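*Asks:* Structure below; questions to follow.
None of the figures in this text is laboratory data; all of them are computed from the coordinates on show. All values derive from a computational prediction rather than experimental measurement. All Cβ positions, even for glycine, are placed from backbone atoms using ideal geometry, and neighbour counts span all protein chains on display.
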Amino acid sequence: RWYATEASASTSGLRLSFVLPHQTIYKGVEVQQVNIAATSGDMGILASHVPSIEQLRPGVVEVIENANATKKFFGEYTNKLGTNYLVSGGFAIINPNSSLDINAVEAFPLEDFSPEAIRANLAEAQRTATSGSSEEERNIAKVEVEVLESLQSALGSK
Amino acid sequence: MFAIRPVVANATTRSVGCQHRNYATLKEIQLRLKSVRSIAKITKSMKMIASTKMTRAQKTMEIARTFGSTQTALFTNADTKPTEEGTTLIITVSSDRGLCGGIHSSVSKASRKHVQEKPNSQVVVLGDKAKAQLSRTIRNNIRLSFNQIGKATPTYTEACAIADTILNEKIEFDQAIIVYNYFKSVISYEADTIPVFSESTFSKSGNFDAYEVEDDVLENLHEFALANSIYWGLAEGHASEMASKRSAMENATKNAGEMIDKLTLTYNRGRQAVITSELIDIITGASAI
């Protein structure tokens, strides 16, 4: 019987590339852990994760750079260690060489959002989703509702 | 025997000489000088505009390059190879505007070469200039064409719209290659390709089994990769075009400047010749008295 060998202390760590079409948030930066909201569920990615391809659903991507972060992030919406980004959609790819590539369409730090604006937009979107004039308009509003609701819960829980 | 005489006195080559034609010559030179001067002003301002657009386009391109190359890293890591018998879709990235050097020819030549290797490929052209060039030789392969490309720095929304239209047309392909101009530096570019693979080709990749993937995600990944690669091609193509336009306009301004110098010299020489001949007339007339 073999005992599982201890995972080799990877000197490489988890290398994150978090890129958007108009902005490069991280490129090849070594981080400790990344929590993503995937269509198959929420997951936390550490170094030497099994390679996989995950589609992101609208939600929060949290990047924890250093386990012993002495940096303090001001603002109530950040976890004590990580930076939270609201992501509208995209893909996260974990490669065999312990690198995580996140291609997202849009991502903004959570602290940039105001709860009042979210509430107002959410009410408007819900209204359009039920009583919109065309099928396409209603579908677009439904996607908007999904994004705003996840944003609201992310802000509420932090 | 007939002496071969030039039909029209060329104002720039014939300086001193036909005195009876001097006034007409001087007028011609003046007219030409005026027009070349205004052309020089136009090309100079076009160069300024192109260089400001270029710096902006370059910034967008750097970010787009990071974005696009992160996407295609998946295909490298998964060791995806194009299938031999598979159908290919060629997406040629160009623009509608002219006066930008050899941008359109470079991309058209590369596309034509790919079509020669795989004669039943389908072609989607982005930009009227490349469409005109490709229509001359491979018109039958062109499936779709887009215009209004290149007016401003490309946005991801545009790329998504293009990808959406291509997918809605139900164009079947095993792999797609995006032919664009890779921005090497401010003064040079080169035609290059970005690969995009369909779900079936991707699932046959060498290293595919290493990845844990849910099946319904693959189609979305394919569409996402297509839009991302189109965006990357558009951004680089735009940056290369602005850089090439800048250097083309700079050369044009320099050449116009040289023409102005030569014409001014010719004009002055002609003017002095007229004055000299008038003086001679006066003096001979005076000495005859």
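*Asks:* Every residue in segment B:213-241 that is in contact with a Pro (Cβ under 7 Å, 6 or more places away or on another chain) and either over 28 Å from B:Ile103 (Cβ atoms) or away from chain A (no Cβ under 11 Å) (or both), please. I'd like the intermediate steps shown before the answer.
*Replies:* Applying the first criterion (in contact with a Pro (Cβ under 7 Å, 6 or more places away or on another chain)) to segment B:213-241 yields B:231, B:234-235, B:238.
Within segment B:213-241, B:His238 is the sole residue that qualifies.
*Asks:* Pairs, please: C-beta under 9 Å, at least 6 apart or cross-chain, first residue under 14 Å from B:Val217 (Cβ atoms) and within 11 Å of another protein chain (Cβ to nearest Cβ) and in segment A:31-58, second among the basic types (Lys, Arg) and in a loop (DSSP other than H, G, I, E, B)?
*Replies:* A:Ala38/A:Arg57; A:Thr39/A:Arg57
*Asks:* Could I ask something else about it? Give the residues of segment A:10-29 that are surrounded by fewer than 16 Cβ atoms within 10 Å (Cβ to Cβ) and away from chain B (no Cβ under 11 Å), sorted by residue number.
*Replies:* A:Ser10, A:Thr11, A:Ser12, A:Val29 - these are the residues of segment A:10-29 that are surrounded by fewer than 16 Cβ atoms within 10 Å (Cβ to Cβ) and away from chain B (no Cβ under 11 Å).
*Asks:* Pull out all pairs, ordered by first then second residue, where Cβ-Cβ is under 7 Å, the residues are six or more apart or on different chains, the first lies in segment B:90-105 and is on the phi > 0 side of the Ramachandran plot, and the second is of a type outside the set (D, E, K, R) and not in a loop (DSSP other than H, G, I, E, B).
*Replies:* Pairs that qualify, where the first residue is on the phi > 0 side of the Ramachandran plot and the partner is of a type outside the set (D, E, K, R) and not in a loop (DSSP other than H, G, I, E, B), are B:Leu99/B:Ala248; B:Gly101/B:Ser244; B:Gly101/B:Ser247; B:Gly101/B:Ala248.
*Asks:* Next up: Output yes when any residue across segment B:37-52 is hydroxyl-bearing (Ser, Thr, Tyr), under 17 Å from B:Thr153 (Cβ atoms), touching a residue at least 40 places away in the same chain (Cβ under 8 Å) and not in a loop (DSSP other than H, G, I, E, B), and no when none is.
*Replies:* yes
*Asks:* If you check B:Ala210 against the conditions, is it in contact (Cβ under 8 Å) with a residue 40 or more places away in the chain and more than 9 Å from chain A (Cβ to nearest Cβ)?
*Replies:* No: the conditions fail for B:Ala210.
*Asks:* If we keep just the residues of segment B:68-94 that are in contact with a Gly (Cβ under 8 Å, 6 or more places away or on another chain) and more than 14 Å from chain A (Cβ to nearest Cβ), which is nearest to B:Ser247 (Cα to Cα)?
*Replies:* B:Ser94
*Asks:* Looking at B:Arg65, B:Arg112, B:Arg97, B:Arg56 in this structure, which one is away from chain A (no Cβ under 14 Å), of a type outside the set (A, V, I, L, M, F, W, C), out of contact with any Cys (no Cβ under 9 Å at 6 or more places or on another chain) and outside any loop (DSSP other than H, G, I, E, B)? Show your work before the answer.
*Replies:* Numbers: B:Arg65 fails: away from chain A (no Cβ under 14 Å); B:Arg97 fails: outside any loop (DSSP other than H, G, I, E, B); B:Arg56 fails: away from chain A (no Cβ under 14 Å).
Sole residue among the options that is away from chain A (no Cβ under 14 Å), of a type outside the set (A, V, I, L, M, F, W, C), out of contact with any Cys (no Cβ under 9 Å at 6 or more places or on another chain) and outside any loop (DSSP other than H, G, I, E, B): B:Arg112.
*Asks:* Looking at this structure, is B:Asn168 closer than 27 Å to B:Phe67 by Cα and free of Cβ contacts under 8 Å to residues at least 40 places away in the same chain? Even if it seems obvious, please write down each step before you answer.
*Replies:* On the way: closer than 27 Å to B:Phe67 by Cα: yes; free of Cβ contacts under 8 Å to residues at least 40 places away in the same chain: yes.
Yes, satisfied.
*Asks:* Next question. Would a scan of segment B:137-144 turn up a residue that is within 25 Å of B:Ser244 (Cβ to Cβ), of a type outside the set (Val, Ile, Thr) and under 22 Å from the mean Cα position of the chain (by Cα)?
*Replies:* No, segment B:137-144 contains no residue that is within 25 Å of B:Ser244 (Cβ to Cβ), of a type outside the set (Val, Ile, Thr) and under 22 Å from the mean Cα position of the chain (by Cα).
*Asks:* Identify the single condition in (1) within 19 Å of the chain's Cα centre (by Cα); (2) closer than 24 Å to B:Tyr156 by Cα that A:Asn139 does not satisfy, given that it satisfies every other one.
*Replies:* Checking A:Asn139 against (1) within 19 Å of the chain's Cα centre (by Cα); (2) closer than 24 Å to B:Tyr156 by Cα, the one that fails is (1).
*Asks:* Pairs needed: first member in segment B:221-250, under 30 Å from B:Asn168 (Cα atoms); second member anywhere, among the basic types (Lys, Arg) and not in a helix (DSSP H, G or I); C-beta distance under 9 Å; at least 6 residues apart or different chains.
*Replies:* Within 9 Å, the pairs are B:Ser240/B:Lys184; B:Glu241/B:Arg97.
*Asks:* With respect to B:Lys151, determine if the residue is closer than 29 Å to A:Val19 by Cβ, surrounded by fewer than 21 Cβ atoms within 10 Å (Cβ to Cβ) and under 18 Å from the mean Cα position of the chain (by Cα). Give the steps one after another, and end with the answer.
*Replies:* Working: closer than 29 Å to A:Val19 by Cβ: yes; surrounded by fewer than 21 Cβ atoms within 10 Å (Cβ to Cβ): yes; under 18 Å from the mean Cα position of the chain (by Cα): yes.
Against the criterion (closer than 29 Å to A:Val19 by Cβ, surrounded by fewer than 21 Cβ atoms within 10 Å (Cβ to Cβ) and under 18 Å from the mean Cα position of the chain (by Cα)), B:Lys151 qualifies.
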